[in-house]
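Please treat every number below as a calculation from the coordinates, not as lab data. Treat the numbers as computed from the prediction; the structure is a model and nothing was measured. A quick note on method: Cβ atoms are made from the backbone with ideal geometry, for glycine too, and the neighbour counts reach across all protein chains shown.
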C-alpha cells in the first residue's frame, strides 16, 4: 500500500477493486486517506480522501454499489459521522450522522438493503444501542437495543435474515451471551450461550448456513472453535485450531474452507500462523504462514479466489505491506 496503516477497512467493490480506508499508523496519526487495489495490475493508487480521519470504523457495500463508512475514532473523539464513497466518481460525500458516536462497532447489511449498526464504544462506556441506515433516504433511525452492551464482538447475517451477535467484552466481563436481531420486528431475543466466553474471535457464515466461531480470548488465548446452527439455536464444539490466537482474520474461500491468519498468539505475541478449517470434516490443517507477523490487519477475498492481506501492526511498527494467499 502507499501508506502504512492498521485498524483500517478493506472492502471488495462491485468493480472488483479493493477499497482501503482510514486507520492509524501511530497513536497520534489517523488517516483520512483511501486507496484502491487493482487485481488486474496488482497495483495501489490513491483515491478520494474521506472527510474525516478515522480508525476502527466500518465499511459496508450498499445495494447500489456505494460504500457506507460509519463512526470510528480519531485522536480525540469517537465519531458519529458517516460518509459515502461513489466508485464511479471516486469521491466522498457526507450523509446524515448516526444518533450515537461509536467505534469498534459492527455494521451488517440486511436483506431489505438497510444497514444495522450496533454496539461498540463511545470512549467512555460500551454500547448496547443499535440503529438503522436507510440508503433510500440517507437517514438513521434508532431500533431496539441489545440486552448487553458489548465491544470486540462479532455480527453475522444468517440465511434466515436475522443477525447473530456473539461474544465480546461487556461492562461487566467477557460475554458468552449471544442474541439475535429480527429485522421484521426490530427486536432482540437471547439465543443459547457459546461453550466458551470469548472476545477478539472471528465468526464466519459457512455454505451450510452454520456460523463458525474460532479463537479469541477468554481467561487466556483459546484454540477452541464452535458451530452455531440457526435452525436449532444451539452451539456444538468442532475441531481445535492448531494454535490459540485472537484478533486474527477469517476468510471464507471459494471451496468453502475458512482461512484463519495472523493476530496474537501465545508463542510470538504477533503471529504469522495460518490454518484452514474444512467444514466437511470439522478439522483444521496448517497452511503456508504469512510473510510478516501482523494484527489489526485486514483480509479480503478477491474475485479470483485469492485472499489479499493488507497492513496491520507488528513489533517493528505499522505495515504498508500486502500479500496474497
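Work out, step by step, the length gained on full extension between residue 13 and residue 89: first 0.36 nm times the residue separation, then minus their alpha carbon distance; give nm to one decimal.
26.0 nm
Between residue 283 and residue 145, what length comes free when the chain is fully extended (0.36 nm per residue of separation minus the Cα-Cα distance, one decimal in nm)?
On the way: separation 138, 0.36 × 138 = 49.68 nm, distance 3.62 nm.
Going from the current span to full extension adds 46.1 nm.
Return the equivalent ellipsoid semi-axes of the stretch 284-324 as a descending list in whole Å, where each equals the square root of 5 times an eigenvalue of the C-alpha gyration tensor.
On the way: eigenvalues 73, 37, 12 Å².
Its equivalent ellipsoid spans semi-axes of 19, 14, 8 Å.
Under the rule a/c < 1.5 gives rounded, and otherwise a/b versus b/c splits prolate from oblate, where does the stretch 47-132 land using the Cα gyration tensor? Please report the intermediate quantities before stating the final value.
Working: a/c = 2.48, a/b = 1.27, b/c = 1.95.
Taking the square roots of the gyration eigenvalues as a ≥ b ≥ c, the stretch 47-132 is oblate.
Counting C-alpha atoms alone, how compact is the stretch 5-81: give Rg to one decimal and Dmax as a whole number, in angstrom.
Taking only Cα atoms of the stretch 5-81, I get Rg and Dmax of 12.4, 39 Å.
At 0.36 nm per residue, and after removing the present C-alpha to C-alpha distance, how many nm does the segment from residue 136 to residue 189 gain when stretched out fully? Display every interim value, and only then the final one.
On the way: separation 53, 0.36 × 53 = 19.08 nm, distance 2.78 nm.
Stretched out fully, the residue 136 to residue 189 stretch lengthens by 16.3 nm.
For 219, 229, what ranking results if the residue with the fewest other Cβ atoms within 10 Å of its Cβ goes first? Before the final figure, lay out the partial values.
Numbers: 219 9, 229 14.
By the 10 Å Cβ count, ascending: 219, 229.
What FRET efficiency would be calculated for the residue pair residue 63, residue 182, taking the C-beta separation as r and a Förster radius of 25 Å, to the nearest 0.05? Display every interim value, and only then the final one.
Values: r = 21 Å, r/R0 = 0.82.
The pair residue 63/residue 182 has a calculated efficiency of 0.75.
I want the antiparallel fraction of DSSP beta bridges within the stretch 1-86, as a percent rounded to 5.
Values: 26 of 26 bridges.
Percent antiparallel among DSSP bridges in the stretch 1-86 is about 100.
Suppose we look only past 25 Å in the calculated P(r) of the chain. What percent of the Cα-Cα pairs does that tail hold?
Working: 25053 of 52650 pairs.
For the chain, the fraction of Cα-Cα distances above 25 Å is 48 percent.
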